[in-house]
Structure formats: structure tokens, C-alpha cells
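Peer 1: Input: one structure, supplied below.
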Amino acid sequence: MDYFERFAIPHPSPAIYASMVAIGLTVIAIIVGLTYFKKWGYLWREWLTTVDHKRIGIMYLISAILMLFRGGADAIMMRAQMAVPDNKLLDAQHYNEVFTTHGTVMIIFMAMPFIMAFMNYIVPLQIGARDVAFPRLNALSFWLFFMGAMLLNISFVIGGSPDSGWTNYFPLANNEFSPSVGTNYYLFALQISGLGTLITGINMIVTILKMRAPGMTLMKMPMFTWSSFVANVIIVFAFPVLTVALTMGTFDRLLATNFFTTSDGGMDMLWANFFWVWGHPEVYILILPAFGIYSEIISTFSGRNLYGYKSMVGSMVIISFLSFLVWTHHFFTMGQGALTNSIFSITTMAIAIPTGVKIFNWLFTLWKGKIVFTTPMLYSMLFIPTFTIGGVTGVMLGMSAADYQYHNTMFLVAHFHMVIIPGVVFAMLAGLHYYFPKMFGFMLNEKIGKLTAWIIAISTLLAFMPMFFSGLDGQARRMYTYTESTGFGIWNMISFIGAIGFAIGFALIVYNVYYSIRYSPRNIGSDPWDARTLEWATPSPVPYYNFAKVPHVISTEALWDAKYNQHELFPEKYEKIHMPNNSGVPFILGCIFFAWGFSFVFSMWIPAILTTIGIFICMALRSLEKDPGHYVSVEEIKATEKKMRGVQ
Amino acid sequence: MKNRWIKLIGFFTIVTMLTGCDPLLVLDPKGPQAQVQAKDIMLSIGIMSFIVLIVFVILAYMLIKFRASKQSPNYKPPHIKGSIMVEVICVGIPVLIVAYLSIISVESNYKVESPPEKYKNEEPLVVYASTSNWKWHFSYPEEDIETVNYLYIPVGRPIEFKLYSYGPITSFWIPQLGGQKYAMADMVNTLHLAADMPGEYMGRNANFNGKGFAENTFNVTAVQQAEYDNWVKEVKETADMLTEEKFNTLLEPGHVGQSTFNGTHLTFLPPPEGEHGGHQHEKAESKDNKSLQNNH
């Protein structure tokens with residue numbers, strides 16, 4: 001068999017060759033650097049084999065930011081191509097690959113790990129736990145996600161990127177109309193990282209239900225923990241659907257079954273149903289933890305408790321139910337008739353009610369508060385108006401008769417970007433600035449931070465508001481070009497300027513990290529923001545056992561009670577702490593999964609069989625292994641605490 | 001002096017913008033179905049702008065009134081749990097708005113899913129609209145003619161489009177006549193449209209279907225009935241016969257210009273309805289196409 005032909009890129013271009021060289025040089029630089037500074041051992045012991053939820057959280061964070069830049073580069077290429085009529089920057093094939101990977105990377109490999117980073121880092125700290133329920137599974141989750149992400153990312157240099165949209169609608173995605181291996185990459189990258197997400201979902205639910213500190217009843221959990229809990233319940237219900245859909249799609253492409261084909265009884269509508277039964281709840285998996293972060297930030301910087309805690313929790317639970325009852329609005333135009341459309345139109349608009357409740361609760365949290373404008377707070381305050389615009393246009397899209405006009409147009413693109421960017425990306429950036437001191441022991445520069453927040457918020461409006469107009473003027477999404485006579489030029493040019501703004505904003509974030517590493521003061525204490533919840537009761541950065549003593553909780557704001565209401569947060573004595581041992585198995589298993597996915601992408605059956613056996617061997621080894629973990633002695637705890645806090 | 005320049009420039013910008021911008025296609029309806037949709041869109045924009053405005057005002061008020069720099073340093077914000085009254089208002093008003101929009105939505109839904117009320121006394125003109133990568137084939141069974149990449153329709157008569165696809169899912173969309181619907185390989189969808197006035201309208205496939213998607217467009221010409229009859233007569237006299245062979249070459253992926261034929265492909269390559277249907281009607285016992293189509 002001709003391997004060269006198989007692995008070759010079907011549509012090569014100078015940009016791809018340049019990227020190949022860049023990737024090669026980066027890999028060589030990393031290998032040389034690690035060897036030169038003798039960091040291989042450090043990397044292996046402290047990061048690759050770690051089971052510490054905080055380190056896993058940080059690895060998620062770094063991956064998410066890298067993927068943000070990858071997806072962002074795609075976005076800028078797209079907007080540049082569309083900036084003027086009849087542009088020749090990208091051809092149709094490249095444009096199709098770019099928007100497909102942009103969507104896939106941003107949702108699956110940027111937004112998901114971003115929320116996973118915060119869930120991993122914050123939830124155990126916030127509930128007073130020492131780690132998640134299954135630390136080693138947690139490491140496996142991360143490595144599965146990471147290897148899935150890498151698998152998708154190598155697609156554009158080996159064999160070709162997926163090009164049928166991030167929704168991957170069959171029959172377009174089937175062999176007949178998408179003959180390159182791109183869609184195989186899509187199927188396996190999502191499958192592998194999706195398994196990781198499903199495992200995280202189970203892990204987090206068990207952690208939150210079983211490992212809360214004494215006194216923390218469900219209704220005393222901080223809002224971020226609540227939001228993570230609800231999101232993980234959605235994960236456990238939604239992700240199996242994706243797993244099944246991807247498997248069926250894989251069977252169609254590799255084994256010539258006919259689930260979604262145009263002939264032999266294939267049903268193209270079935271893919272759309274499966275995809276969105278997962279895909280719509282997925283949106284809430286992303287946005288609920290983001291809402292949790294906003295709740296923490298807004299209450300901290302208003303100096304007030306969160307207004308309407310119970311209705312916040314209630315609205316999230318209602319949203320989680322409704323999220324499974326609205327998927328059909330993604331294909332109102334598939335011809336299911338007026339009755340079905342009417343039902344889904346109503347359930348869709350109904351989601352606006354609990355979401356509105358949350359917006360008003362945040363607004364009332366500001367009421368009688370003492371608002372301090374830090375960078376995280378600025379993001380949260382910019383979020384409210386921008387997200388409201390995105391949200392109300394969602395209600396407009398929910399009116400199914402009108403949706404016949406919005407469907408598949410730039411109006412829709414504008415809507416979901418106006419929801420997801422303020423809703424998720426702003427929240428993650430706010431969370432990044434907010435939790436940065438907890439993670440790394442120093443703060444990001446506030447001046448640069450605030451400037452960045454303004455630039456990103458203005459860019460959001462510039463980039464996406466014009467799309468509402470071009471959509472109503474008949475510009476369909478995913479068109480790689482248009483003629484001058486359509487009149488779309490002006491709108492797309494403004495969008496492009498917004499995209500440039502984004503690039504500047506994100507570059508400034510990188511600069512801020514660099515600047516703060518060099519110049520930020522290090523002795524900021526454990527609680528630099530005067531926060532309210534348990535994660536701020538630990539030293540910064542957090543010792544690996546989290547809490548030296550088990551905290552006791554009497555309300556949703558345990559730390560606040562301890563600081564200002566004479567609550568004894570740590571009434572117990574020092575005791576030895578049981579901690580899990582590091583393990584290389586999750587990383588190795590991740591690598592095998594990568595090889596497994598790659599083998600299937602190119603239908604190399606022998607490696608596929610070997611790697612499948614390898615996966616089972618790893619699982620068997622783990623089952624037979626006796627690893628009771630280890631204890632941290634009281635002396636060691638005392639010494640560490642003294643070093644970190646300067647006190648007993 | 002400076003001020004006047006700014007005013008002048010501002011004035012000219014507004015004027016050029018206003019004259020330069022034609023109305024947005026969707027908000028410039030030329031048929032009853034598009035009118036229903038444009039009305040809904042304008043109504044919802046109105047209500048939604050009102051909601052956005054309220055949120056902006058409350059946010060601005062809170063941020064101005066309660067910022068730390070305006071308060072005494074020893075002010076301690078109170079602990080406020082929440083209030084039933086406030087929550088009833090916060091839930092109640094959105095419920096009312098959503099309920100109102102739901103009624104509008106359901107009502108319009110049934111309107112756009114059925115033949116236009118305005119022309120209910122007219123016999124609808126049935127047009128089979130099918131796609132293959134990246135073309136549109138329009139079959140007029142009544143006249144026994146077929147066009148590629150352009151539509152000729154009479155004004156004031158309801159048009160019943162029968163949509164299906166020889167390939168990936170596409171979406172049939174003529175913004176000024178009404179919203180879109182999917183064309184798929186294993187079933188036939190029905191879309192009811194009508195044009196109120198003569199004119200040239202843009203039509204396109206709105207659902208991504210691969211490389212040639214951007215150019216997957218067609219022209220719609222709406223003319224008076226008499227002119228339409230002339231056009232049909234002319235086609236019957238001048239156009240070539242559509243053979244199966246010719247149609248098969250047309251089905252091959254690629255772009256072609258506009259063309260016109262006598263006869264339709266419906267005879268040799270029937271649409272996926274009735275006994276030719278996909279998953280839902282394997283060798284349907286009942287030949288009652290109407291009831292089968294209603295299943296969609």
C-alpha cells in the first residue's frame with residue numbers, strides 16, 4: 001500500500017507547509033530544551049504522572065489557552081477571507097476546513113477544557129476536599145481529552161482536516177461526499193476526548209456528592225460547585241448519545257454500514273437528531289459553570305452574598321431539564337411539521353425564563369453592594385449587556401416561523417457567538433484573572449487586564465453585531481465568498497476589524513502573563529480579593545493536600561463567616577492525610593488511545609487491533625495493581641504550612 | 001468650527017448610509033409567507049429591545065449607585081437573602097412575554113406551513129425542487145417542463161414546492177418570498193410560498209453542502225400569469241427534451257449555468273415519495289401519497 005499517498009494532504013498549500021515546518025521546529029525545540037535543562041524527570045514525575053486535581057486543572061487550562069489561539073487563528077483567517085467581496089485568500093476547500101476546525105476546536109478543545117480546568121481546580125477546594133473521588137481516573141480524563149485534541153490538530157498536516165462543518169451532518173460527511181480522512185479525524189478525536197469528558201462527569205458527581213466538608217449540605221454548596229454539579233449531570237446524560245452517534249458515523253465511513261447514507265435506508269435526519277440531543281445540552285454544560293464563576297465573582301466584588309441563592313440553584317436545575325427538550329430547534333426547517341415545531345419553539349423560548357432569573361439575581365446582587373471594579377468584575381459587568389443581546393436573539397430564533405428566515409444564516413452565527421463569547425469566554429477569562437493568584441501565587445496586572453477586557457468586549461460587538469444585519473440580508477453562513485452586488489461587504493469588513501481586535505486582546509493576555517511573571521509581587525497572602533468561599537482559605541499556591549485540617553462549614557460562604565462572623569473554620573487537630581500515589585498508566589493509556597485513533601483514521605487494521613489489545617492490557621494492569629496510596633505525616637504538614645503561611 | 005465639521009461629516013455619513021443601504025432582504029418581503037415572518041421578526045425585535053433596555057438601565061443604575069468609590073470606607077453591605085415579591089416579578093414578566101411570543105409563534109407556524117391564506121382560492125402550482133451538488137433542478141409537472149438554476153413563477157398564485165436532494169442535505173431559501181426548508185435524499189418536504197408582485201428575487205441553498213456551496217444559488221423571476229403562460233409556451237416550442245442521459249450528466253458534481261428542458265426527470269427518476277420514499281415508506285402498501293406526505 002502506498003503510505004505516502006495515504007498520509008499526504010489532499011489540498012496542500014504554502015501555509016500548510018509553513019505550519020509543518022513550524023510544528024517540527026517547535027517539537028525539536030521542546031525536546032532539546034527538556035534535555036538541555038535536564039527536565040525530563042521533572043516533567044514525568046510532577047506533571048505527566050500527576051493525579052493532583054490542581055495540576056490536572058492547570059494542564060487543562062494551558063491546553064485550553066493553546067487551543068484558543070489555534071481556533072482563533074482559524075477565525076481570523078475566515079474573517080480575513082470574508083472581509084472583501086470575491087476574495088482569493090482562501091479557496092473553498094480551505095475555507096471549509098478552517099470553519100470546521102474552528103468550530104470543533106473552539107467547542108470541544110477550547111471551551112470544554114477551559115471549564116474542566118476550573119472544575120478540576122476549584123470544586124475540590126470549594127467543598128473542602130483533598131482531591132476528586134477518583135484521582136487516577138481524573139488523570140485519565142485529562143490525557144484522553146489531550147490526545148483527542150492532538151489527534152484533531154495533526155489532521156491538517158497529515159491526511160487533511162475535516163471539512164463538513166463542526167456539526168458534521170451526514171450524508172455530506174460520508175465517504176461519497178467527503179472522501180478525505182478528515183472526517184475520520186473528527187470522529188475519533190471527538191470520541192476519545194468525549195470518553196474523557198464522560199469519565200470526568202461521573203468523577204465530579206461522586207466528588208461533589210460524597211466528599212463535601214462537614215456541615216456543607218447540598219444547599220450550602222457554593223454556586224460554582226452547584227453549577228459544576230448540574231453541568232456534570234448533563235454530561236452523564238448527554239455524552240453517551242455523542243458516543244453512539246460517532247460510533248454509527250464511524251461504522252458508516254469505515255465499515256460501509258448505511259445509518260446515515262443517501263440510499264439503502266439511511267436516514268440523514270437521524271444524525272441531526274443524535275448530534276443535537278448531545279449538542280444542545282453541551283451548550284449548557286459550557287455555560288452553567290461559567291454562570292457559576294460569574295456568581296462567585298459578582299458576589300465577591302459586590303461585597304455581598306449572592307442574591308436569591310435558592311432561585312439560582314432552581315433555575316439551573318430547570319435549565320438542565322429544558323436543555324434536553326429543545327434539540328429540534330436546530331432543525332426547525334427539516335420539515336417535521338407545524339405541531340412539532342410549535343412544541344419545540346415553546347420549550348426553547350421557555351429557557352429564557354430561568355436564564356432571565358439568573359441575570360436579574362446578578363443585578364440584585366449588586367444592589368446595596370460595594371462594587372469594586374477589578375478585572376474579573378469588569379468582565380462580569382461587560383458580560384451582562386452583551387450576553388443579554390445574545391440571549392434575546394436566541395428567543396427570536398426560537399420562534400420557529402421566523403427561524404425559517406434566520407436558519408443557517410449569519411444571524412444564527414451572530415447569536416451563538418454573542419452568547420458563547422460573553423457567556424463562556426468572558427467567564428473563563430474572568431475566572432483566569434480571579435483564580436490566577438490561587439493557582440500561581442501572584443496576580444495578573446490589573447491595568448493590562450482591564451484594558452484587555454474592554455478591547456475584547458468591544459471586539460465582540462464589532463465582530464458579531466454586523467452579522468445580525470448581513471444574516472437578515474440573506475448571507476448564509478459557511479459561504480466562502482460572495483459577490484459585490486450582494487452588499488455584504490461592509491458588514492463583513494466591520495466583522496474583520498472586530499476579529500483583529502480579538503487578536504490584539506488575546507495577545508495582550510499573553511503579554512499580561514509575561515509581565516506579571518516578571519513584575520507582580522509574590523507575597524499576596526491566601527485571600528487577595530477578600531473572597532467568601534473555601535478555596536480562598538488555603539495558602540496560595542495551594543499545597544498538594546489542599547487543607548491541612550478539615551474545614552467545617554455553616555453556610556454557603558464559609559470563609560466569610562470565619563473572617564467576619566467569628567466562625568471557627570478549622571476546629572480539628574492536625575491528622576495524617578491519606579493521598580493517592582502518582583501513576584504513569586493514565587498518560588500511557590492516553591498515548592495508546594492516540595495511536596488507536598490514528599490507526600482507525602487511516603484504516604490500518606493491524607495497529608488498530610494491537611492498540612485495542614494495549615488498552616485492555618493497561619486496564620487489566622490497573623485492576624491487578626495494589627496501590628494503597630501514602631500518608632502525609634503531621635510533621636510534614638506542619639512544616640509545609642509554616643513555610644507557606646509563615647504561621648502554625 | 002471643529003464642531004461644525006463633525007456635524008457635517010456625521011450628517012453625510014448618515015445620509016450616504018441610508019441611501020446606500022437597500023432594506024435588508026428578509027425585512028423587505030414580497031410574498032405573504034415572508035410577510036408573516038417579517039412581521040414576527042419586527043415584533044420580536046421590538047419586545048427584545050425593550051428587555052435589553054431594561055437590563056441596561058438596571059445595570060447602569062446599580063453600577064453608578066453602589067460603586068465602592070462613592071461609599072464611605074466603613075460601609076458594610078447587608079446580607080440579603082432574596083424576596084418573594086422580586087422573584088415573582090422576575091419570573092412573572094418573562095413568563096408573560098414568552099407566553100405571548102409562544103402564541104404568536106404557534107400561530108405563524110401554522111400559517112407558514114400551509115398554503116397562503118391570501119390565495120386560498122387559487123389552485124397551487126406544484127414545483128419539484130431538487131438539488132444535486134451544486135445545482136437546482138426545478139420540475140413543473142403541470143407544464144411538463146424543467147429548468148436548471150432558475151425559477152419562473154406567476155404572481156398571485158400559491159406555489160407548492162416539493163423539496164428533495166440527490167446528495168447532501170440542502171436548504172431551499174428565497175428570502176423575499178419566505179423562509180427555507182431542507183431538501184433531503186430520503187424524503188420530500190413541502191414548502192408553500194407565493195409572490196405578491198413581479199420582480200427578480202435571490203434564491204439559494206442555505207445549508208452547507210461542500211465545496212461549491214457559496215455558488216449554489218438560483219434566480220427567481222415572478223411575472224404576471226399571462227407572461228408566465230407565454231414563457232411556458234416558448235419553452236414548449238424551443239427547449240430540448242430532458243433525457244435520462246442528459247439528466248445523469250447534470251447530476252454529476254459541479255456548477256452549470258441556467259438551462260431549460262421539455263419534460264421532467266420525475267418520469268425516470270421519481271422523487272422519494274410514496275413507494276419511492278426512503279425509510280418511512282418501504283414499499284408502501286398505501287398509494288395514498290397525500291397521507292404519506294403529511295407524515296413528514
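The values are calculated or read from the model by the stated rules, or taken from the named source; none is laboratory data. Predicted model, so just to flag it, every value in this text is computed and none were measured. Neighbour counts are summed over all protein chains in view; Cβ atoms, including those assigned to glycine, are modelled from backbone coordinates with ideal geometry. Heads up: the accessible areas ignore ligands, DNA and RNA and are worked out on the full protein's heavy atoms, side chains in. Shrake-Rupley method; radii C 1.70, N 1.55, O 1.52, S 1.80 Å.
Peer 1: Within the stretch A:353-369, identify whether any single residue is modelled with pLDDT under 95, open to solvent by 10 Å² or more (accessible area, probe 1.4 Å) and in a loop (DSSP other than H, G, I, E, B), and answer yes or no.
Peer 2: Yes, the stretch A:353-369 contains a residue that is modelled with pLDDT under 95, open to solvent by 10 Å² or more (accessible area, probe 1.4 Å) and in a loop (DSSP other than H, G, I, E, B).
Peer 1: Output the number of the condition that A:TYR480 fails; it satisfies all remaining conditions of (1) within 14 Å of chain B (Cβ to nearest Cβ); (2) without any contact (Cβ under 8 Å) to a residue 12 or more places away in the chain.
Peer 2: Of the numbered conditions (1) within 14 Å of chain B (Cβ to nearest Cβ); (2) without any contact (Cβ under 8 Å) to a residue 12 or more places away in the chain, the odd one out for A:TYR480 is (2).
Peer 1: Residue pairs, Cβ under 9 Å, 6 or more apart or interchain, first in the stretch A:373-387 and surrounded by fewer than 21 Cβ atoms within 10 Å (Cβ to Cβ), second at pLDDT below 95 and among the basic types (Lys, Arg). List them.
Peer 2: Qualifying pairs under 9 Å: A:PHE373/B:ARG67.
Peer 1: Hey, another quick one. Can you name the number of the only condition in (1) over 21 Å from B:ALA194 (Cα atoms); (2) modelled with pLDDT of 90 or more; (3) more than 7 Å from chain A (Cβ to nearest Cβ) that B:SER114 fails?
Peer 2: Here B:SER114 clears every test but (1).
Peer 1: Give the stretch B:58-86 a look and list any residue that's assigned to a helix (DSSP H, G or I) and open to solvent by 60 Å² or more (accessible area, probe 1.4 Å), or say none.
Peer 2: B:TYR61, B:ILE64, B:LYS65, B:SER69, B:LYS70, B:ILE84, B:MET85
Peer 1: Related question: Of the conditions (1) at the interface with chain B (Cβ under 10 Å from one of its Cβ atoms); (2) open to solvent by 20 Å² or more (accessible area, probe 1.4 Å), A:ILE420 fails just one. Which one is it?
Peer 2: (1)
Peer 1: With respect to A:LEU190, determine if the residue is closer than 30 Å to A:ALA595 by Cβ, open to solvent by 40 Å² or more (accessible area, probe 1.4 Å) and either within 18 Å of the chain's Cα centre (by Cα) or among the polar types (S, T, N, Q) (or both).
Peer 2: no
Peer 1: Inside the stretch A:164-183, can you point out the residues that are under 22 Å from the mean Cα position of the chain (by Cα) and either outside any loop (DSSP other than H, G, I, E, B) or charged (D, E, K, R) (or both)?
Peer 2: A:THR183
Peer 1: Which residues, taken from the stretch B:166-188, are within 11 Å of B:ALA206 (Cβ to Cβ) and more than 7 Å from chain A (Cβ to nearest Cβ)?
Peer 2: Result: B:THR170, B:PHE172, B:TRP173, B:ILE174, B:ALA183.
Peer 1: Tell me, which helices (runs of 4 or more DSSP H) wholly within the stretch A:1-110 include 1 or more residues that are under 30 Å from A:PHE488 (Cβ atoms) and open to solvent by 50 Å² or more (accessible area, probe 1.4 Å)?
Peer 2: It comes to A:14-36, A:53-82.
Peer 1: Still on this model: Tell me, yes or no, whether the stretch A:528-540 has at least one residue that is open to solvent by 70 Å² or more (accessible area, probe 1.4 Å) and either without any contact (Cβ under 8 Å) to a residue 40 or more places away in the chain or under 31 Å from the mean Cα position of the chain (by Cα) (or both).
Peer 2: no
Peer 1: Would you check if there is a residue in the stretch A:223-233 being buried (at least 19 other Cβ atoms within 10 Å of the Cβ) and within 14 Å of chain B (Cβ to nearest Cβ)?
Peer 2: Within the stretch A:223-233, one or more residues are buried (at least 19 other Cβ atoms within 10 Å of the Cβ) and within 14 Å of chain B (Cβ to nearest Cβ).
Peer 1: Picking from A:GLU575, A:GLU557, which residue would you name as being buried (at least 18 other Cβ atoms within 10 Å of the Cβ) and of a type in the set (Asp, Glu)?
Peer 2: A:GLU557
Peer 1: Further, regarding this structure: Go through the stretch B:163-191 and give me each residue that's more than 17 Å from the chain's Cα centre (by Cα) and closer than 19 Å to B:PRO32 by Cβ.
Peer 2: Within the stretch B:163-191, no residue meets the criteria.
Peer 1: So is A:THR261 of a type in the set (S, T, N, Q), open to solvent by less than 30 Å² (accessible area, probe 1.4 Å), closer than 30 Å to B:LEU191 by Cβ and in a loop (DSSP other than H, G, I, E, B) or not?
Peer 2: Yes; evaluated as a whole, the condition is true for this residue.
Peer 1: Another question, if that's okay. Restricting attention to the stretch A:18-32, does a residue exist that is on the phi < 0 side of the Ramachandran plot and touching a Phe, Trp or Tyr at 6+ places or on another chain (Cβ under 6 Å)?
Peer 2: For the stretch A:18-32, residues on the phi < 0 side of the Ramachandran plot and touching a Phe, Trp or Tyr at 6+ places or on another chain (Cβ under 6 Å): absent.
Peer 1: If you scan the stretch B:199-238, which residues turn out to be within 14 Å of another protein chain (Cβ to nearest Cβ), touching a residue at least 60 places away in the same chain (Cβ under 8 Å) and assigned to a loop (DSSP other than H, G, I, E, B)?
Peer 2: Those that are within 14 Å of another protein chain (Cβ to nearest Cβ), touching a residue at least 60 places away in the same chain (Cβ under 8 Å) and assigned to a loop (DSSP other than H, G, I, E, B): B:ASN209, B:GLY210, B:LYS211, B:GLY212, B:ASN216.
Peer 1: Restricting attention to the stretch B:87-111, and to residues there that are more than 7 Å from chain A (Cβ to nearest Cβ) and over 22 Å from A:ALA338 (Cα atoms), which single residue is surrounded by the most Cβ atoms within 10 Å (Cβ to Cβ)?
Peer 2: Among them, the one singled out is B:ILE93.
Peer 1: With a cut-off of at least 1 residues that are more than 23 Å from A:HIS329 (Cβ to Cβ), name the strands (runs of 3 or more DSSP E) lying wholly within the stretch B:111-198.
Peer 2: B:125-132, B:135-140, B:145-148, B:150-154, B:159-165
Peer 1: Being assigned to a loop (DSSP other than H, G, I, E, B) and surrounded by fewer than 23 Cβ atoms within 10 Å (Cβ to Cβ) is the filter here, so list the residues in the stretch A:193-222 that pass it.
Peer 2: Hits for the stretch A:193-222 are A:MET211, A:ARG212, A:ALA213, A:PRO214, A:GLY215, A:THR217.
Peer 1: What number of residues within the stretch A:570-601 satisfy the criterion of being part of a loop (DSSP other than H, G, I, E, B) and over 21 Å from A:TRP47 (Cα atoms)?
Peer 2: Qualifying residue count, the stretch A:570-601: 7.
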